[in-house]
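For reference, the structure discussed in these notes is given below.
The values are calculated or read from the model by the stated rules, or taken from the named source; none is laboratory data. Quick caveat, the model's predicted, so the values are computed rather than measured. Cβ atoms come from the backbone with ideal geometry, glycine included; neighbour counts cover every protein chain shown. Keep in mind that these areas ignore ligands, DNA and RNA; they rest on the heavy atoms of the full protein, side chains included. Shrake-Rupley method; radii C 1.70, N 1.55, O 1.52, S 1.80 Å.
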Amino acid sequence: SGKKNRRLLLHSDSPRMSSTAGAGEHSSSSRPGKEREEGADDSNRKVDDEGDLSLELYGAEAGWVEARTSCPHLPAMPAASADELARVPAPDSQCSRCHHPSENWLCLICKDVLCSRFINKHMLYHYQETGHCIALSFSDLSVWCFACDSYLDAQSILELRPVYEVAHLLKFGERPPFRSLEVLDLSSGQNGGSSSSS
């Protein structure tokens, strides 16, 4: 009926996820590949027999990508004390460098707010200058590790839960709907949802 079934190009480390709907679910309001678009080209696009543009899926047939459930860079984050959590700014905060009002990320190490690659790349430059590699998107509350080049699952990584909860409260006025650790253990085959191993 004239409507073609299109699939999005999703690299396993780059689609935007909606943390409010649960980690691992693709946000329909965000552009895929948001934090990895630099130097991207259309080489992965294919035109099907009917001339319609379709895009290959990489590890995401169901429209989502697995976020990492562990990250070796988490010890760089300060402990989630009451004082530290009080430093989390409002989700509508402007970029501290260019003052752009949207597409901003919160550095989870120093709490600086900087714009995304789609604006002036200040969060990327911050990572390159400081090595601060873990950031939370104020757009969809996803968490990205620049060093791992991957999204992190704030639902299963215990170190991320406090700051994610504060950001969710500030953005939506309510606590996030965390999945229980027992459900996470059964679905992922991991024990305790621990984010680090020795």
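Report the net charge of residues surrounding residue 126, where surrounding means a beta-carbon distance below 11 angstrom and charges are Lys +1, Arg +1, Asp -1, Glu -1. Can you show the working numbers first?
Numbers: positive: 97, 121; negative: 112, 129.
Taking every Cβ under 11 Å from that of residue 126, the sum is 0.
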Practice task
Assign unit charges at the C-beta atoms only (+1 for Lys and Arg, -1 for Asp and Glu), then state the dipole size of region 74-172 relative to its Cα centre in Debye, rounded to the nearest 20.
Solution key: 200
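Rounded to the nearest whole Å³, what is the per residue volume of the convex hull around the Cα atoms of region 74-172? Mind dumping the intermediate values first?
Numbers: hull volume 8.9 nm³, N = 99.
Cα convex hull per residue, to the nearest whole number: 90 Å³.
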Completion exercise
Extension length gain for residue 110 and residue 79 (0.36 nm per residue less Cα distance), in nm, is 10.0 nm
Exercise for the section: Order 122, 168, most accessible first, counting only protein heavy atoms with a 1.4 angstrom probe. Expected result: 122, 168
Completion exercise
Placing each pseudo-label 7 Å from Cα in the direction of the beta carbon, residue 129 and residue 170 end up separated by a distance in nanometres of 2.0
